[in-house]
1. I'm trying to understand the selection: among the residues of segment 105-124, which are open to solvent by less than 10 Å² (accessible area, probe 1.4 Å), among the small types (Gly, Ala, Ser) and not in a loop (DSSP other than H, G, I, E, B)?
2. Just for segment 358-375: of the residues that are within 20 Å of the chain's Cα centre (by Cα) and outside any loop (DSSP other than H, G, I, E, B), which one is surrounded by the most Cβ atoms within 10 Å (Cβ to Cβ)?
3. Could you tell me whether Gln177 is under 20 Å from Asp198 (Cβ atoms), assigned to a helix (DSSP H, G or I) and under 13 Å from the mean Cα position of the chain (by Cα)?
4. For segment 92-101, give me each residue that is open to solvent by 40 Å² or more (accessible area, probe 1.4 Å) and part of a loop (DSSP other than H, G, I, E, B).
5. Restricting to segment 376-420, and then to whatever is within 14 Å of Thr170 (Cα to Cα) and of a type in the set (Asp, Glu), can you tell me which residue is least open to solvent (accessible area, probe 1.4 Å)?
6. Being in contact with a helix residue (DSSP H, G or I) (Cβ under 9 Å, 6 or more places away or on another chain) and either under 29 Å from Phe314 (Cα atoms) or touching a residue at least 24 places away in the same chain (Cβ under 8 Å) (or both) is true for just one of Gln66, Gln134. Which residue is that?
7. Does segment 197-213 include one or more residues that are open to solvent by 10 Å² or more (accessible area, probe 1.4 Å), at pLDDT 95 or above, in contact with a Leu (Cβ under 9 Å, 6 or more places away or on another chain) and more than 24 Å from Leu407 (Cα to Cα)?
8. Where residues in segment 68-91 are under 12 Å from Lys47 (Cα atoms) and of a type in the set (Val, Ile, Thr), which of them is most open to solvent (accessible area, probe 1.4 Å)?
Amino acid sequence: MHQRSIVRIGVPLAVAALALSACGSRGDSGTSSGGGTGGGGATKTVKVGIIAPLSGDLSALGKGIQHSVELAVKEANEKNKIPGWKLETVAADDEGKADVGKNAATKLAADKDLIGVVGNLNSSVSQQTQPIFQAARIVQVSPANTGPALTRGPDPINAPKRQYDTFFRTCTTDLVQGAFAAQFLKDQNVTNVATIHDKKTYGQGLVDAFTGDFKKLGGTVVAAETINPDESNYGPVVSKVAPSSPQAVFYGGEYPQAGPLSQQMKAGGLNVPLIGGDGIFDPKYIELAGAASNGDLATSVGAPTEATAAGKAFLAAYKAAGYAEPSAAYGGYSYDAANAIITAASKTLASASDVKSAREATIKEMINVTFDGVTGKVGFDEFGDTKVKVITGYKVDAGKWVAVKTLLLSTDGKWGDLPQ
């Protein structure tokens, strides 16, 4: 049996409770179509936007993002962090598609009461929404975008350059995730792999990052193939990869394609583990792949939510709120993203007469944000990236994702256990 070790982060429940804060005097987090004054004529409205796939194949992740932001806003209103202001959420469905996301972002940006946005899920969608929120001077914090170029430009390793000062993220990047995945496979004595990706920004970027690090560790990529994400028959690509006899298949993409690919790999005689990134880390992957998923692997940003005191407090609050869908892989990151926006806004709105006049100051205030969140110490570097670089490796065992190893990448580029 594979040895499983979860490194736990010692975050007290009291600290977790302090992270659940924002503003307003009432507990309503529902979407509003208007601004202005609230009850008694003294409460002004400020909104936190949500832009994610709320319908379609990736809605399991999108709904978790939405509800986690709603929870942050609900609890923030109960804390009355900014007297005289009430927080509300407004959600837009990007369907996980770049063109739809662009239109959704345009609609959100037109709302005069919008101070910030949590999203997107997909890096390829954020490439289209970033310029819109930049032009409107609205803070955007992604809980899930791992594409390095979003914060560090087209040459993120050799010539990093920030493209949009409005964009931040609470998750780490594929530069970190790819390196972890390479080490994760090496630790399991995997020395040769095949790679497959879906041609999208996230999938291709993750495969590129993994490939570079895997080769540095002495590994060999015996085949490199792609699929079209709108196809469902992966027999041809399996037939191309199988003759190279890889010990594993590294897939760059998301669970709607990864699940069927795993199933068709095994059915086609390629009976080796499929490993992917955070895009496949969801129960839906196991549902789609069926029994073929047993032994498959994934990496995902952060430590397991249920493994920390702050994470347990968040999950308990989420359950108590009664949301229909689970918080999923990015719930904690979405919750922290919303609270990062709220924390910055609590400074800038204190003396503001309206939301639009506080937007520029809110962007500048984001670099000063620091608090103990669900996912660790929340804070951003000069590129807008999270300062916390933690990744966990998972394995499917008996129909469930089971955490195998959690590591922290230090500032000197070395992997180590998380501090207790």
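1. The answer is Ala105, Gly116, Ser123.
2. Checking each candidate, the answer is Gly373.
3. Answer is yes for this residue.
4. Within segment 92-101, Glu95, Lys97 meet the criteria.
5. Residue satisfying both the conditions and the ranking: Asp385.
6. The match here is Gln66.
7. Scanning segment 197-213, I find at least one residue that is open to solvent by 10 Å² or more (accessible area, probe 1.4 Å), at pLDDT 95 or above, in contact with a Leu (Cβ under 9 Å, 6 or more places away or on another chain) and more than 24 Å from Leu407 (Cα to Cα), so the answer is yes.
8. Checked segment 68-91; the qualifying residue most open to solvent (accessible area, probe 1.4 Å) is Val90.
The values are calculated or read from the model by the stated rules, or taken from the named source; none is laboratory data. These numbers were taken from a predicted model, which means no experiment stands behind them. Please note: Cβ atoms are built from the backbone with ideal geometry, for glycine as well, and neighbour counts cover all protein chains shown. To get the accessible areas, we keep the full protein, side chains included, count just its heavy atoms, and leave off ligands, DNA and RNA. Shrake-Rupley method; radii C 1.70, N 1.55, O 1.52, S 1.80 Å.
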